[in-house]
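Colleague: One structure coming up, written as structure tokens, with questions to follow.
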Amino acid sequence: MTVLDGGLQPEMRDGVDRETIETVQAMAGKYKYGWQTDIEMDFAPRGLNEDIVRLISDKNGEPAWMLEWRLAAYRRWARMEEPRWAMLTYPEIDYQDQFYYARPKSMAGKPKSLDEVDPKLLATYAKLGIPLKEQMLLAGVEGADEPRRVAVDAVFDSVSVGTTFKAELAKAGVIFCAISEAVREHPELVRKYLGSVVPQSDNFFATLNSAVFTDGSFVFIPAGVRCPMELSTYFRINAENTGQFERTLIIAEQGSYVSYLEGCTAPKRDTHQLHAAVVEIVILDDAEVKYSTVQNWYPGDENGKGGIYNFVTKRADCRGARSKVMWTQVETGSAITWKYPSCILRGDDSQGEFYSIAIANNAQQADTGTKMVHLGKNTKSRIVSKGISAGRAQNTYRGLVSMHPKAANSRNYTQCDSLLIGQGCGAHTVPYIEVKNNSSRVEHEATTSKVDDDQLFYCRSRGMDEEAAVALVVNGFVKDVLQTLPMEFAMEAQALVAISLEGSVG
Amino acid sequence: MLEINNLHVKLEAEDKPILRGVDLRVAAGTVHAIMGPNGSGKSTLSYVLAGRDGYAVTDGTATLDGADLLAMEPEERAAAGLFLAFQYPVEIPGVGNMTFLRTAVNAQRKARGQEEMSAGEFLKVVRDRARTLKIDADMLKRPVNVGFSGGEKKRNEILQMAMLEPKMCILDETDSGLDVDAMKLVSDGVNALRDAGRAFLVITHYQRLLDHIRPDVVHIMADGRIVKTGGPDLALEVEKNGYAGILAEAV
């Protein structure tokens, strides 16, 4: 392990989009999504046992094979130990003191269309700035010839409350629906692929998820289809003491393409809430998947009270030759982040990319990074990680690059930059590198720098206030990664970067 | 415009006084030069006026059009019309020069209750002013001062000045590190901004900059005080005879 301090300025490309600061200022304000919606909820009894697993399965109207799969996972999980190798400090989690299923009562009889959805739910999403109704989805981009459209699946606590643009996607052969629905409607696909990337036995949190996942999104892009719009899922934890365990499964058949966006928020609560998600992506020959996340779960208050514990397993299996995956994550929320979106580069000439911005302020702790497992010949991977620490936060990059014996002529490039704001925070870089053949090449570069007083004074002497100055400098630091996000997401992410660092100077 | 009375300043961290009673009055429409040997407090004066941390004002006042500069945050001083061209301009990786300029211009406009400049208007103005300073489109796109040559950095400072249109411009050794051609460009840029409503305080070691930017008044600073004030001839005298004679006379 290396703990880096002092040193080089990270190499940068040209400037931040001109709107950066305006957007930041427009969105200024502490955690914006901290309210809760007062909706009558159905809860399963507190705690976890086989009966709860059966109840979840029953509520979702699942076939027997799905229940058996869950039960097998539960039995395995009950014998497992929670991993503690990450650089994270938190009190023991009492898994019996959580609710594993919560859904708005109005969802008991599944609505047939969005019009039947509880207006309070729709209001919640409107408040989050998520336009659920299709006509509102015409998110016009200034200067673009055609407005861009994004299909949205919204998950509220445990259940999906509605997916938009379904009919139009179906015309292209694309399936985009709640995973609970996919289990019922497309069992052959779900059975074939569920757990094939992240097996039940993968790790403690993935096994827990396999037992109790309640909903999430399912995406199937048939061979040769370029998904006609971006797909997006918004996750919202609303109920108190409820864990959210969503499961996402994306299948991109030969020669297909999809860009998928994921956003997350939660209300402010004094108690910690558990989130353990699994995302599996299967990519066949010549297919490409872009997966972008803006994670803005409630981070807890300045003293570390409350906030989401975020334990997530995300993995893409580049099964096919020349397949490609690109993960981009902007992690600004959560009290604890434990997350390593990974790429299994199985197909020859497959490519994996991981771009990450992880911000930890106040008492937040993040231990995040990626795994690039090179199995096929001529596989390529690229990692660009930007960690920002402020307040008393600890931010760790943990990454594995593994070149297997058969992965001849493979390459990896890793760039890992840390930025420190103030005196009380820490940045840690933990790269694991394994090379088991002679023809592959691995490059790793790491820098740690500070937002220095000269930069801030320079900006302020030109008229920017202190927060605008910090936002400008930090947005410059993360520029390389922001560029990889779809435009609207990039704007949101820029603003979030500024908001999550409020009060970090002065 | 700028009025400094009996200004005493020390470093916050230690007890050593740096400015020991500076008196200075700069009227609108005039150019004042401050010369003086190393360590006389010239740069400290510019930093204190701009509001940099690390200095403690122990006595005296500094006002801009009657407003108390020393009570303001650096960004408030900027919005009030004060501008410092840095001796060592700071690099900001990843932030495009254009983004930086536009952010600064609009922050000041907002602070003054003016409407922000539209993207189109801004682009027109910046291109126009960049041209006179021979700053090309590439330099506008590159990250602020990153990889700029000494001359590019100083030209970039003058471009910022031209865009922000301050009332009171302080140039801290803008000539250091410049070759003859770059000095000409920078001076032309400054001269183009001279007008009846604007004043300049040019801090320099050398007479040669003052050949290009003709001052109305020249001050000699030594040991934290202004020890002699005169016309442009005073700079020529320094050039010819050094500071020794003037300093001896002042004691």
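The values are calculated or read from the model by the stated rules, or taken from the named source; none is laboratory data. Since the model is a prediction, treat every value here as computed from it, not as a measurement. Note: ideal-geometry Cβ built from the backbone for every residue, glycine included; neighbour counts use all protein chains shown.
Colleague: Examine the stretch A:445-456 for a residue that is surrounded by 24 or more Cβ atoms within 10 Å (Cβ to Cβ) and part of a loop (DSSP other than H, G, I, E, B), and state whether such a residue exists. Write out each step before concluding.
Modeller: Step one: filter the stretch A:445-456 for residues surrounded by 24 or more Cβ atoms within 10 Å (Cβ to Cβ), giving none.
No, every residue in the stretch A:445-456 fails to be surrounded by 24 or more Cβ atoms within 10 Å (Cβ to Cβ) and part of a loop (DSSP other than H, G, I, E, B).
Colleague: May I ask you to list the residues in the stretch A:354-378 that are closer than 24 Å to A:Gln483 by Cβ and in contact (Cβ under 8 Å) with a residue 60 or more places away in the chain?
Modeller: Across the stretch A:354-378, the qualifying residues are A:Tyr355, A:Ser356, A:Ile357, A:Ile359, A:Ala360, A:Asn361, A:Gly369.
Colleague: Let me ask another. For the stretch A:303-381, give me every one of the strands (runs of 3 or more DSSP E) that falls completely inside it and has 1 or more residues that are more than 23 Å from A:Ala490 (Cβ to Cβ) and β-branched (Val, Ile, Thr).
Modeller: A:307-318, A:336-339, A:342-345, A:365-374
Colleague: Just wondering, is there one or more residues in the stretch B:24-46 that are within 12 Å of chain A (Cβ to nearest Cβ) and at pLDDT 95 or above?
Modeller: yes
Colleague: Looking at the structure I just gave you, is B:Met168 away from chain A (no Cβ under 14 Å) and either more than 23 Å from A:Asp480 (Cβ to Cβ) or hydroxyl-bearing (Ser, Thr, Tyr) (or both)?
Modeller: No; evaluated as a whole, the condition is false for this residue.
Colleague: Using the structure shown, decide if B:Asp179 is surrounded by fewer than 22 Cβ atoms within 10 Å (Cβ to Cβ) and at pLDDT 90 or above.
Modeller: When the stated conditions are applied, B:Asp179 does not pass them.
Colleague: Would you pick out the residues in the stretch B:191-212 that are in contact with a helix residue (DSSP H, G or I) (Cβ under 8 Å, 6 or more places away or on another chain), surrounded by fewer than 22 Cβ atoms within 10 Å (Cβ to Cβ) and within 19 Å of B:Tyr88 (Cα to Cα)?
Modeller: Residue satisfying the conditions is B:Tyr206 alone.
Colleague: Quick check: anything in the stretch B:144-160 within 12 Å of chain A (Cβ to nearest Cβ), of a type in the set (Gly, Ala, Ser), touching a residue at least 24 places away in the same chain (Cβ under 8 Å) and in a helix (DSSP H, G or I)?
Modeller: Checked the stretch B:144-160: no residue is within 12 Å of chain A (Cβ to nearest Cβ), of a type in the set (Gly, Ala, Ser), touching a residue at least 24 places away in the same chain (Cβ under 8 Å) and in a helix (DSSP H, G or I).
Colleague: Go through the stretch A:463-499 and give me each residue that's part of a loop (DSSP other than H, G, I, E, B) and either out of contact with any strand residue (DSSP E or B) (no Cβ under 8 Å at 6 or more places or on another chain) or more than 12 Å from chain B (Cβ to nearest Cβ) (or both). Can you show your working first?
Modeller: Taking the stretch A:463-499 as the starting set, the residues that turn out to be part of a loop (DSSP other than H, G, I, E, B) are A:463-465, A:478, A:483-486.
Passing the criteria: A:Gly463, A:Met464, A:Asp465, A:Gln483, A:Thr484, A:Leu485, A:Pro486.
Colleague: Would you mind stating whether B:Glu173 is in contact with a strand residue (DSSP E or B) (Cβ under 8 Å, 6 or more places away or on another chain), charged (D, E, K, R) and away from chain A (no Cβ under 14 Å)?
Modeller: For B:Glu173, the condition - in contact with a strand residue (DSSP E or B) (Cβ under 8 Å, 6 or more places away or on another chain), charged (D, E, K, R) and away from chain A (no Cβ under 14 Å) - is met.
Colleague: Okay, next question. So B:Ala137 passes all but one of these: (1) facing chain A (nearest Cβ under 9 Å); (2) of a type in the set (Gly, Ala, Ser); (3) over 24 Å from B:Arg198 (Cα atoms). Which condition number does it fail?
Modeller: (1)
Colleague: Let me ask something else. Looking only at the stretch A:463-477, which residues are within 16 Å of B:Arg112 (Cα to Cα) and either of a type in the set (A, V, I, L, M) or crowded, with 24+ Cβ neighbours inside 10 Å (or both)?
Modeller: So the first thing to find is which residues in the stretch A:463-477 are within 16 Å of B:Arg112 (Cα to Cα), and the list is A:463-465.
Within the stretch A:463-477, A:Gly463, A:Met464 meet the criteria.
Colleague: For the stretch B:119-148, give me each residue that is at pLDDT 90 or above and either of a type in the set (S, T, N, Q) or under 17 Å from the mean Cα position of the chain (by Cα) (or both).
Modeller: B:Asn145 - this is the single residue of the stretch B:119-148 that is at pLDDT 90 or above and either of a type in the set (S, T, N, Q) or under 17 Å from the mean Cα position of the chain (by Cα) (or both).
Colleague: Among what's in the stretch B:84-118 and is small (Gly, Ala, Ser) and out of contact with any helix residue (DSSP H, G or I) (no Cβ under 8 Å at 6 or more places or on another chain), pick the residue that is surrounded by the fewest Cβ atoms within 10 Å (Cβ to Cβ).
Modeller: Looking only at the stretch B:84-118, we keep the residues that are small (Gly, Ala, Ser), and these are B:85, B:94, B:96, B:104, B:107, B:111, B:113, B:118.
Those still in the list that are out of contact with any helix residue (DSSP H, G or I) (no Cβ under 8 Å at 6 or more places or on another chain) too: B:113, B:118.
Numbers: B:Gly113: 7, B:Ser118: 9.
Only one residue fits best here, namely B:Gly113.
Colleague: Testing A:Tyr413 on (1) within 13 Å of chain B (Cβ to nearest Cβ); (2) closer than 25 Å to A:Tyr260 by Cα; (3) touching a Lys or Arg at 6+ places or on another chain (Cβ under 7 Å), one condition comes back false. Which one is that?
Modeller: All conditions pass for A:Tyr413, except number (1).
Colleague: Another question, if that's okay. So, in the stretch B:79-95, how many residues would count as being part of a strand (DSSP E or B), more than 7 Å from every other protein chain (Cβ to nearest Cβ) and at pLDDT below 95?
Modeller: 0
Colleague: Please find, among A:Phe204, A:Phe176, A:Phe220, the residue that is surrounded by fewer than 23 Cβ atoms within 10 Å (Cβ to Cβ) and within 21 Å of the chain's Cα centre (by Cα).
Modeller: A:Phe204
Colleague: Another question, then. I want to confirm something. Restricting to the stretch A:419-462 and keeping residues that are in contact with a His (Cβ under 8 Å, 6 or more places away or on another chain) and closer than 29 Å to A:Asp367 by Cβ, which single residue is nearest to the other protein chains (Cβ to nearest Cβ)?
Modeller: Only one residue tops the list, namely A:Pro431.
Colleague: Can I ask one more? What are the residues in the stretch A:394-413 that are under 20 Å from the mean Cα position of the chain (by Cα) and either part of a loop (DSSP other than H, G, I, E, B) or of a type in the set (Ser, Thr, Tyr) (or both), if any?
Modeller: Step one: of the stretch A:394-413, the residues under 20 Å from the mean Cα position of the chain (by Cα) are A:394-400.
A:Thr396, A:Tyr397 - these are the residues of the stretch A:394-413 that are under 20 Å from the mean Cα position of the chain (by Cα) and either part of a loop (DSSP other than H, G, I, E, B) or of a type in the set (Ser, Thr, Tyr) (or both).
Colleague: Related question: Looking only at residues in the stretch B:104-134 that are more than 17 Å from B:Val190 (Cα to Cα) and outside any helix (DSSP H, G or I), which one is nearest to the other protein chains (Cβ to nearest Cβ)?
Modeller: B:Glu116
Colleague: Same structure, new question: Any chance you could count how many residues in the stretch B:231-246 are buried (at least 16 other Cβ atoms within 10 Å of the Cβ) and not hydrophobic (A, V, I, L, M, F, W, C)?
Modeller: Residues meeting the conditions: 3.
Colleague: When the stretch B:73-112 is examined, which residues are found to be among the charged types (D, E, K, R) and closer than 15 Å to B:Lys153 by Cα?
Modeller: Listed by number, the list holds a single entry, B:Glu91.
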